[in-house]
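Provided herewith is a single structure, encoded as structure tokens, for subsequent inquiry.
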Amino acid sequence: QIGADFQFDPTWRKSKNDSRLRGLGDVNMTMRARAFAQAQVSFVTFSADVAQDIAGQGQGLIANGDVLFSLPAGKWLFTLGPGVTWTNSKYMQTFFGVTAEQSARSGLQTHAVGAGLREWHANGIVTYEISRNWSALASVTFARLQGDAASSPITERRQQWTTMGAVTYRFR
């Protein structure tokens, strides 16, 4: 499968919400144009996507790659797998860089960043087929920042857990 879409990216940061961020400037939500590809070989799914900020919010380019291993068990589907996220220098500067001007305003140490691996992550997803059209799923992702993102004076924690729950309807 290959495709493209537009997606709303709600990632934002307001410097007034945390005294550590004062002087760094705000980061606003954005829209992204995304291209994606996915291939399934037996119980293994390979997926990749690239998403570019098209609203001019300084959020740059993000690329993801994942390998997911699935195990069906009746109406249940268990999926696990690792992945990586790479970002360009514009994204890294917006979220993890500190310029000399920002350093003077915030008191944080300057931090030069470049394009590179932002994180590696591990995904776990459980899906239950309620009916032919309806499903419920829950997911958990553990991510660990790498490189310039991990060493940034803005970074408080290098590790993050994300959870999600959803109910989906499939038109057939």
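The values are calculated or read from the model by the stated rules, or taken from the named source; none is laboratory data. Here the structure is a predicted model, which means the values were calculated and not measured. Reconstructed Cβ throughout: ideal geometry from the backbone, glycine too, with neighbour counts over all protein chains shown. Keep in mind that these areas ignore ligands, DNA and RNA; they rest on the heavy atoms of the full protein, side chains included. Shrake-Rupley method; radii C 1.70, N 1.55, O 1.52, S 1.80 Å.
Without any contact (Cβ under 8 Å) to a residue 60 or more places away in the chain, open to solvent by 30 Å² or more (accessible area, probe 1.4 Å) and of a type outside the set (G, A, S), is that true of T99? Don't jump to the end; show me each part of the working.
Numbers: without any contact (Cβ under 8 Å) to a residue 60 or more places away in the chain: yes; open to solvent by 30 Å² or more (accessible area, probe 1.4 Å): yes; of a type outside the set (G, A, S): yes.
Yes.
Do we find a residue being touching a Gly at 6+ places or on another chain (Cβ under 9 Å) and basic (K, R) anywhere in region 131-149?
No, because not a single residue in region 131-149 is touching a Gly at 6+ places or on another chain (Cβ under 9 Å) and basic (K, R).
Now a separate question. Of all residues in region 41-69, count the ones that are modelled with pLDDT under 95 and open to solvent by 40 Å² or more (accessible area, probe 1.4 Å). Full working, then the answer.
Residues of region 41-69 that are modelled with pLDDT under 95, as a first pass: 58.
Filter once more, so that each one left must be open to solvent by 40 Å² or more (accessible area, probe 1.4 Å): none.
Count: 0.
Does any residue of region 23-40 turn out to be touching a residue at least 12 places away in the same chain (Cβ under 8 Å), under 15 Å from F95 (Cβ atoms), open to solvent by less than 20 Å² (accessible area, probe 1.4 Å) and among the polar types (S, T, N, Q)? Can you show your working first?
Step one: filter region 23-40 for residues touching a residue at least 12 places away in the same chain (Cβ under 8 Å), giving 23-39.
Checking the rest, the ones that are also under 15 Å from F95 (Cβ atoms) come to 24-30, 32.
Of the ones still in play, those that are also open to solvent by less than 20 Å² (accessible area, probe 1.4 Å) are 24, 27, 30, 32.
Within this subset, residues satisfying the condition of being among the polar types (S, T, N, Q) are 30.
Looking for residues that are touching a residue at least 12 places away in the same chain (Cβ under 8 Å), under 15 Å from F95 (Cβ atoms), open to solvent by less than 20 Å² (accessible area, probe 1.4 Å) and among the polar types (S, T, N, Q), one finds at least one in region 23-40, hence yes.
Are any of the residues in region 156-169 in contact with a Leu (Cβ under 9 Å, 6 or more places away or on another chain), more than 20 Å from T11 (Cβ to Cβ) and among the polar types (S, T, N, Q)?
Among the residues of region 156-169, at least one is in contact with a Leu (Cβ under 9 Å, 6 or more places away or on another chain), more than 20 Å from T11 (Cβ to Cβ) and among the polar types (S, T, N, Q), which makes the answer yes.
Among residues belonging to region 143-171 that are part of a strand (DSSP E or B) and open to solvent by less than 40 Å² (accessible area, probe 1.4 Å), point out the one that is farthest from P72 (Cα to Cα).
Applying the first criterion (part of a strand (DSSP E or B)) to region 143-171 yields 143-145, 159-169.
Now narrow it down to the ones that are open to solvent by less than 40 Å² (accessible area, probe 1.4 Å): 143, 145, 166.
Details: A143: 25, L145: 31, A166: 19 Å.
Out of the qualifying residues, it is L145.
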